Amino acid sequence: MPGQRQKRDFLALPDFSRDELEAVLDLARRMKRGEYREMPFAGRTLGMIFTKSSTRTRVSFEVGAVQLGGHPIFLSARDIQLGRGEPIRDTARVLSRYVDALMIRTFAHSDVAELAHFSTIPVINGLTDLLHPCQVMADLMTVRENFDDDLSSLAVAWIGDGNNVANSWLNASFRFGFELRLACPEGYGPDAEILERARGSASVRVTDDPYEAVRGASVVNTDVWASMGQEEEHGQRARAFGRFQVDDALMKAAAGGAIFLHCLPAHRGEEVTEAVLEGPRSRIFDQAENRLHVQKAILATVVANGEGE
Ligand code: CP
Ligand code: NVA
């Protein structure tokens, strides 16, 4: 329709330009400081579809929607007809008639892309098997709080599984151009296409040596060895990932003043030791808090798109 604005989805970090991502991070900081009092979600409703468990994502989106003046609805896939086989495309078109934005956490990334394609309202990715963009936005906010607003001069290490969070870090290095080294066991590397794209605009290295990855890095990141949906592979993964634990010795090999990040939930004694998780370099609870601020900023950005013009 003439004059109609394209709706904005946030399925992956590259859906937004670098300037837009920086604007979201700036807005999130203003929100955290209490400098933002607007209610862009007033009278609006956020539908939140979950086919996987969640503590942080569910609660931070729910609280965030309320703080922006809106109303969230938690939709467990177990309870809605989607879980009984109603097609995603029908769910998308029905929910678009009721709510003003959707957040979804599920398995296949293609399901989220289909939901977004058939929805007439913004869709936000709250984690798929491929990506976890809201998490990495919170991680970037935490990194900015500890270092510099300009993320491009950063060196970041990822230790362990080349999973959804790792892939979103690759997307972040694609957009911001910072150096990223991933130490993954053979066969557990990141998505090949996402890796290639990131290599086009940033220095990205994949190694099987955690010490090589952390050398000079100011940020050391890890995540669970078996993600949601991979529970049955836990034994096999624990054997493959034995050398990929973040402990004090590995943190010492990173840059002086390096911080430790983990999206949580964490498995103490597996991917990270208790001492690192609870130690002075750990920023895990700031990271968790920042989910709230950054997601509010994303919500405000996608719902306000095209308004006031
Ligand atoms: N980090 C994260 O997404 O946590 P939840 O699984 O609790 O939402
Ligand atoms: N990689 C983890 C992240 C959990 C927030 C998973 O997908 O289970």
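Quick note: the coordinates plus some simple rules give every number you see, no bench work behind them. Treat the numbers as computed from the prediction; the structure is a model and nothing was measured. Note that we place each Cβ from the backbone using ideal geometry, even for glycine, and neighbour counts take in every protein chain shown.
When the range 144-166 is limited to residues that are more than 16 Å from ligand 1 (Cβ to nearest atom) and of a type in the set (A, V, I, L, M, F, W, C), the one that is surrounded by the fewest Cβ atoms within 10 Å (Cβ to Cβ) turns out to be Phe147.
Just so you know, in the range 27-57 the residues that are β-branched (Val, Ile, Thr) and more than 27 Å from Phe147 (Cα to Cα) include one that is surrounded by the most Cβ atoms within 10 Å (Cβ to Cβ), and it is Ile49.
Of the residues making up the range 255-309, just one is within 19 Å of the chain's Cα centre (by Cα), within 30 Å of Ala240 (Cα to Cα) and among the hydroxyl-bearing types (Ser, Thr, Tyr), namely Ser282.
What do you reckon, is Gln67 within 25 Å of Asn146 (Cβ to Cβ) and either among the hydrophobic types (A, V, I, L, M, F, W, C) or out of contact with any Ser or Thr (no Cβ under 8 Å at 6 or more places or on another chain) (or both)?
On the way: within 25 Å of Asn146 (Cβ to Cβ): yes; either among the hydrophobic types (A, V, I, L, M, F, W, C) or out of contact with any Ser or Thr (no Cβ under 8 Å at 6 or more places or on another chain) (or both): yes.
The answer is yes for Gln67.
Here is a list: Val24, Val112. Which entry is under 30 Å from Phe147 (Cβ atoms) and either within 22 Å of the chain's Cα centre (by Cα) or not small (Gly, Ala, Ser) (or both)?
Numbers: Val112 fails: under 30 Å from Phe147 (Cβ atoms).
Exactly one of Val24, Val112 is under 30 Å from Phe147 (Cβ atoms) and either within 22 Å of the chain's Cα centre (by Cα) or not small (Gly, Ala, Ser) (or both), namely Val24.
Any chance the range 38-54 includes a residue that's in a loop (DSSP other than H, G, I, E, B) and in contact with a Ser or Thr (Cβ under 6 Å, 6 or more places away or on another chain)? Yes: the range 38-54 contains one or more residues that are in a loop (DSSP other than H, G, I, E, B) and in contact with a Ser or Thr (Cβ under 6 Å, 6 or more places away or on another chain).
Whether any residue in the range 21-35 is without any contact (Cβ under 8 Å) to a residue 12 or more places away in the chain and more than 16 Å from Arg291 (Cα to Cα) is what I want to check. Yes: one or more hits. I'd like to check something: does the range 267-285 contain any residue that is within 20 Å of Gly162 (Cβ to Cβ), surrounded by 23 or more Cβ atoms within 10 Å (Cβ to Cβ), touching an Asp or Glu at 6+ places or on another chain (Cβ under 6 Å) and of a type outside the set (D, E, K, R)? Checked the range 267-285: no residue is within 20 Å of Gly162 (Cβ to Cβ), surrounded by 23 or more Cβ atoms within 10 Å (Cβ to Cβ), touching an Asp or Glu at 6+ places or on another chain (Cβ under 6 Å) and of a type outside the set (D, E, K, R).
Answer with yes or no whether Ala172 is under 27 Å from Met103 (Cβ atoms), within 16 Å of ligand 1 (Cβ to nearest atom) and under 17 Å from the mean Cα position of the chain (by Cα). When the stated conditions are applied, Ala172 passes them.
Candidates are the residues of the range 97-143 that are farther than 23 Å from Gly189 by Cβ and among the aromatic types (Phe, Trp, Tyr); the one that is surrounded by the most Cβ atoms within 10 Å (Cβ to Cβ) is Phe118.
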